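The values are calculated or read from the model by the stated rules, or taken from the named source; none is laboratory data. Treat the numbers as computed from the prediction; the structure is a model and nothing was measured. A quick note on method: Cβ atoms are made from the backbone with ideal geometry, for glycine too, and the neighbour counts reach across all protein chains shown.
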Amino acid sequence: MRGLFRLRDAEKGHPEVKLWFEAHDSELGGIALKWFDALRMCGDDVTEVLHDNQPTACVNKTAFAYVDVFKAHVNLGFFHGVELPDPDGLLVGTGKFMRHVKLSPKFSVDEDALLKLVQASCEDIRQRLEAEHAS
């Protein structure tokens with residue numbers, strides 16, 4: 001099992017995250033905000049920080065997902081994506097650990113399946129944190 005990625009500056013309503021979304025006031029920025037809000041709604045223990053210029057969601061200051069806006073799409077990325085259940089085949093990428101979903105107004109995505117990935121990613125980090133504390 002891969003180690004946890006901690007971001008000690010994560011907090012609720014991080015001001016740099018707010019500024020990032022203000023700077024990405026576009027159709028793609030709206031998509032990014034929609035899915036970042038879905039990350040935020042995973043629970044009261046979810047915090048956020050701007051890491052590598054990407055809004056990043058954390059559980060107890062441990063990263064689980066991020067969003068980023070590109071020229072023609074948005075990435076919704078998962079730090080432990082390679083280990084997430086993905087029966088709908090939404091995740092793409094070839095990295096050793098991370099995977100992402102590409103989002104765009106030009107193509108549709110199964111939002112229910114994507115929401116399940118969001119929730120699974122958050123729950124995965126909670127379980128990793130519990131296992132860490134138990135050992």
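Observations, loosely collected:
- Looking across W35, W20, one residue alone is surrounded by 18 or more Cβ atoms within 10 Å (Cβ to Cβ) and over 14 Å from the mean Cα position of the chain (by Cα). It is W20.
Let's see how each residue does on (1) closer than 14 Å to F79 by Cβ; (2) in contact with a Lys or Arg (Cβ under 9 Å, 6 or more places away or on another chain):
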{"residue": "F5", "(1), (2)": "yes, no"}
{"residue": "A10", "(1), (2)": "yes, yes"}
{"residue": "W20", "(1), (2)": "no, no"}
{"residue": "H24", "(1), (2)": "no, no"}
{"residue": "E27", "(1), (2)": "no, no"}
{"residue": "A32", "(1), (2)": "no, no"}
{"residue": "H51", "(1), (2)": "yes, no"}
{"residue": "P55", "(1), (2)": "yes, no"}
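- Condition check for E48: more than 13 Å from the chain's Cα centre (by Cα), farther than 17 Å from R99 by Cβ and modelled with pLDDT of 95 or more: no
- Scope region 3-22; condition among the charged types (D, E, K, R), touching a residue at least 24 places away in the same chain (Cβ under 8 Å) and not in a loop (DSSP other than H, G, I, E, B); matching residues: R6, E11, E16
- Count - residues of region 98-116 that are in contact with a helix residue (DSSP H, G or I) (Cβ under 8 Å, 6 or more places away or on another chain) and surrounded by 13 or more Cβ atoms within 10 Å (Cβ to Cβ): 8
- Residue match in region 86-97 (condition: under 20 Å from C42 (Cα atoms), loosely packed, with under 14 Cβ neighbours inside 10 Å and at pLDDT 95 or above): no
- Where strands (runs of 3 or more DSSP E) fall wholly inside region 40-135, the ranges with 1 or more residues that are closer than 22 Å to E16 by Cβ, of a type in the set (G, A, S) and touching a residue at least 40 places away in the same chain (Cβ under 8 Å) are 54-59, 62-69.
- Boolean, N60 is surrounded by fewer than 17 Cβ atoms within 10 Å (Cβ to Cβ) and touching an Asp or Glu at 6+ places or on another chain (Cβ under 7 Å): yes
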